[in-house]
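Have a look at the structure below, then the notes.
Rule-based calculations on the coordinates, nothing more; no lab input. None of the values given here were measured: they were computed from a predicted structure. A quick note on method: Cβ atoms are made from the backbone with ideal geometry, for glycine too, and the neighbour counts reach across all protein chains shown.
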Amino acid sequence: MTDKTLSQDLICGFIWCVALGITFMFCWILFDIISHGIPEISWTFLTSSVQQAGRSGGIGPIIISTLLILLVCLCVSIPLALATAILLSEFSNSHQRFTRLISTSLEILAGIPSIVFGLFGNAFFCIICGLGFSILSGGLTLACMVLPILTRSIEIGLRSVSDDYRLAGAALAIPRVKLLWRIILPAATPGLVAGLMLGIGRALAETAALIFTSGYVDRMPGSLLDSGRALSIHIYDLAMNVSGGETNAYATALILLVLLLVINLVAQWLSHRFLYRKVQL
Amino acid sequence: MSLSPLDKRWFWLCRFFAFTCALIICFIILFLFVESIPAIQSIGLERFFNDSSWHPTPDPSTGSFNLSAMLVGTLAATLGAIIFAGPLGILAAIFCHFYAPKQIAYLFRRMIELLAGIPSVVFGFWGLVTLAPIIRNLAPPGPSLCAGIIILTMMILPTVVLLSDAAIKNIPKKYIEGAAALGLSRWSTIKSIVIRASKEGLSNAIMLATGRAIGETMAVVMVCGNIAQIPNSLFDPIRTLTANIALELGYATGQHRSSLFFSGLLLLGIITMMVLISEKLKSEAIRD
């Protein structure tokens, strides 16, 4: 019997070690980035332009380009994702085969490696559409990429609205569209915002799809047809191609990490609050 | 229930948008095909695996186009990562459910969700400036298959943990209560009931994580050393298919560019197969 309890204890200890090991690695990365990044960060770093290929100067134009790419991406992907999610969650009973086709293709789209999106964006948006290396083609490529995650999370948000609303609406003979806009969408707002946050997080983190679509240029973009460098590409370029760019790479990585952590925390907070409230209803 | 005319119009609008989503997939596949046809025609499929090395040129008669070193690189890195991340991730999910106190399990899950949000370029950067020097001290040159495996393991671990966590949560409570009633110990319950009951969910988690590892690009470019060779040891530099595309698309022209699209098509094929298998596993899990 003692043998058995001993082996139980060993297994228990081993599993705790696994969990602690994962936590340790996580903290190590965070600590490393934060401790090297914090001394570099100041208001001038955030606003001034890139100098000497990034060895000195700030990341002002990079932040502007990132925001512009994100804007293009969201303007295209939100309407598409919202409409698809509405179809999948509200009208799915009427056309089963069609909706299954859509959800399988979204599933495949979610699995496609980002570099393949980069290849596609480079061939289609940059060359066939003639947009060249530009913020517009980068944003459009990203839009294709975040479509599945956005659609899936909006769909989950809509589905978690209680069916009582839909039944009550049907009993009152309210057209479904009115029901959707006036009641279901407002009720689902926290879930939708959480989904939106996840999509933004995914887009901000992306590098491989952007290198060959939005390009490397680190000047302030003049229009959407200019090439612009995103934060993640800036980190990559400083780390790989610019000797002595490491301190600024650390600082940029810290900025990106903080942005993403804030976005993810907001998404987590919203979705947990939302699900909790639903249980209470 | 019939739809009112207003509803019908909206319904068609939604269908149109949803159809666009499905069309994007077709578009991507079509474009990869169209762009890689010149390479398939003038280089030929067998040269991608039989040529002496990977020294591509725009003109197919002078270059050599052997992709197998990159295929082996992708395979080795993915396999290594999944060997570590699979068991570790499942154990971490078990930790959340059966070993950790509630508060710690909650915090652990939040932490894993945050870990999932760290961008690949940050992992790669950390690997390049922190991990690679440590490995260089052990066995030069540093950026190597080993570094790639460690970074990939950390990157796909959250996927495995979160999905296996969800799979374990879906096990009917009565199974575990029954095991407790029979006096099974915690580990026996896990070994003989939990893991078997969530088999489909767990393999689905590993499937999706494998897909992520195959497709990962930036982190791998930054830590693997990028030499197109078949590795002899864990500490040899390698180049993966995705890294190859990322490194060369910038300057590739002619048949060289076309053969990069062909490798993209190859990647897409592998991933699509894995997604379809995992879909099938999921629907079997639901039926059970």
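What list of ³J(HN,Hα) couplings, whole Hz, do you get for segment A:122-136 from phi and the Karplus terms 6.51, -1.76, 1.60, once you set θ to phi - 60° and write x for glycine and proline?
For segment A:122-136, the Karplus-derived couplings read 5, 6, 8, 6, 6, 9, 5, 7, x, 7, x, 6, 8, 4, 4 Hz, x marking Gly and Pro.
So who's got an amide H within less than 5 Å of the one on B:His55, skipping anything under 5 residues away but keeping other chains? H placed 1.01 Å off N, in plane.
Counting only residues 5 or more places away or on other chains, the set is B:Ser64, B:Phe65, B:Asn66.
Magnitude of the Cβ-charge dipole of segment B:99-248, K/R +1 and D/E -1, about the Cα centre, nearest 20 debye?
Working: 13 positive and 7 negative charges, 141 e Å.
Here the size comes out at about 680 debye.
Between the helical axis of B:145-169 and the dominant principal axis of chain B, each derived from Cα atoms, what acute angle in degrees is found, rounded to the nearest 10?
Computed tilt is about 30 degrees.
For each of A:Trp28, B:Trp10, count neighbouring Cβ atoms within 10 Å of the residue's Cβ, then give the residues from fewest to most. Mind showing how you got there, number by number?
Working: A:Trp28 13, B:Trp10 23.
In increasing order of surrounding Cβ atoms, one gets A:Trp28, B:Trp10.
Classify the protein assembly as shown from the C-alpha gyration tensor, please: rounded if a/c falls under 1.5, else prolate or oblate depending on whether a/b exceeds b/c. Mind showing how you got there, number by number?
Values: a/c = 1.44, a/b = 1.12, b/c = 1.28.
Note, shape of the protein assembly as shown comes out rounded.
Per residue of segment A:201-208, what does 6.51 cos²θ - 1.76 cosθ + 1.60 with θ = phi - 60° give for ³J(HN,Hα)? Whole Hz please, x for Gly and Pro, Karplus curve as stated.
x, 4, 5, 5, 6, 6, 10, 4
What Kirkwood hydrodynamic radius, in Å, does segment B:5-55 give when the mean of 1/r is taken over all pairs of distinct Cα atoms and then inverted?
On the way: mean 1/r = 0.0701 Å⁻¹.
By the Kirkwood definition, the hydrodynamic radius is 14.3 Å.
From the phi of every residue in segment B:81-92, what ³J(HN,Hα) in whole Hz does the Karplus formula 6.51 cos²θ - 1.76 cosθ + 1.60 yield, where θ is phi - 60° and glycine or proline is x?
Working through the residues one at a time gives 5, 6, 4, 7, 5, x, x, 4, x, 5, 4, 5 Hz.
Less than 20 Å apart at the alpha-carbon level, and either on another chain or at least 8 residues along: which aspartates and glutamates does that give for B:Lys191?
A:Asp3, A:Asp9, B:Asp165, B:Glu177, B:Glu200, B:Asp288
Nothing charged except the Cβ atoms of Lys and Arg (+1) and of Asp and Glu (-1): what's the magnitude of the dipole of the protein assembly as shown about its Cα centre? Round to the nearest 20 debye. Present the calculation step by step, with values, prior to reporting the outcome.
Details: 37 positive and 29 negative charges, 377 e Å.
So the magnitude is around 1820 debye.
Skipping prolines and chain starts, which residues have an amide H placed within reach, meaning under 5 Å, of the one on A:Ser56, given they are 5 or more residues away or on another chain?
Excluding prolines and chain starts, which carry no amide H, the hits are A:Gln51.
Classify chain A as rounded, prolate or oblate, taking a ≥ b ≥ c as the square roots of the eigenvalues of its Cα gyration tensor: rounded when a/c is under 1.5, otherwise prolate if a/b is larger than b/c and oblate if not. All intermediate terms of the calculation are to be shown ahead of the outcome.
On the way: a/c = 2.03, a/b = 1.19, b/c = 1.71.
Here chain A falls in the oblate category.
Would you list A:Cys126, A:Cys75 from fewest to most Cβ contacts within 10 Å?
Working: A:Cys126 22, A:Cys75 12.
With the sparsest Cβ surroundings first, the list reads A:Cys75, A:Cys126.
Sorting B:Met222, B:Met155 on the 10 Å Cβ count, fewest up front, what's the list? Before the final figure, lay out each step's value.
Values: B:Met222 29, B:Met155 25.
By the 10 Å Cβ count, ascending: B:Met155, B:Met222.
So for chain B, taking the charge dipole from beta-carbon charges (+1 Lys/Arg, -1 Asp/Glu), which of B:Leu268, B:Phe11, B:Thr62 sits furthest toward the positive end?
Checking the options against the dipole of chain B, the answer is B:Phe11.
In percent, how large is the relative contact order of segment B:144-280, given Cα pairs closer than 8 Å and 6 or more residues apart?
Numbers: 126 pairs, mean separation 43.0, N = 137.
With pairs under 8 Å counted, the relative contact order is 31 percent.
Quick check: from the Cα gyration tensor, does chain B come out rounded (a/c under 1.5), prolate or oblate?
Working: a/c = 2.29, a/b = 1.29, b/c = 1.77.
It is oblate, given that a/c is not under 1.5 and a/b is not larger than b/c.
Convex hull over the Cα atoms of segment B:64-192, averaged projected area in nm²?
On the way: hull surface 44.2 nm².
In nm², the orientation-averaged hull projection of segment B:64-192 is 11.1.
About the Cα centre of chain B, what is the dipole size in debye to 20, counting +1 per Lys and Arg Cβ and -1 per Asp and Glu Cβ, all else neutral? It would help to have the intermediate numbers written out before the result.
Values: 21 positive and 15 negative charges, 235 e Å.
With Lys and Arg at +1 and Asp and Glu at -1, about 1120 debye.
Taking the 0 to 90 degree range and rounding to the nearest ten, how far is the long axis of helix B:254-287 tilted relative to the main principal axis of chain B, both from C-alpha atoms?
Around 20 degrees separate the two axes.
Answer with one residue from B:His97, B:Gly250, A:Val76: the one whose Cα lies farthest towards the positive end of the charge dipole of the protein assembly as shown, charges on Cβ with Lys, Arg +1 and Asp, Glu -1.
Going by the charge dipole, the pick is B:His97.
Segment A:1-138: D in µm²/s via Stokes-Einstein (Kirkwood Rh, Cα pairs, 37 °C, 0.692 mPa s)? Please report the intermediate quantities before stating the final value.
Details: Rh = 20.9 Å.
Translational diffusion coefficient: 157 µm²/s.
Taking only Cα atoms, what is the 0 to 90° angle, nearest 10, from helix B:102-117's long axis to the longest principal axis of chain B?
That works out to roughly 20 degrees.
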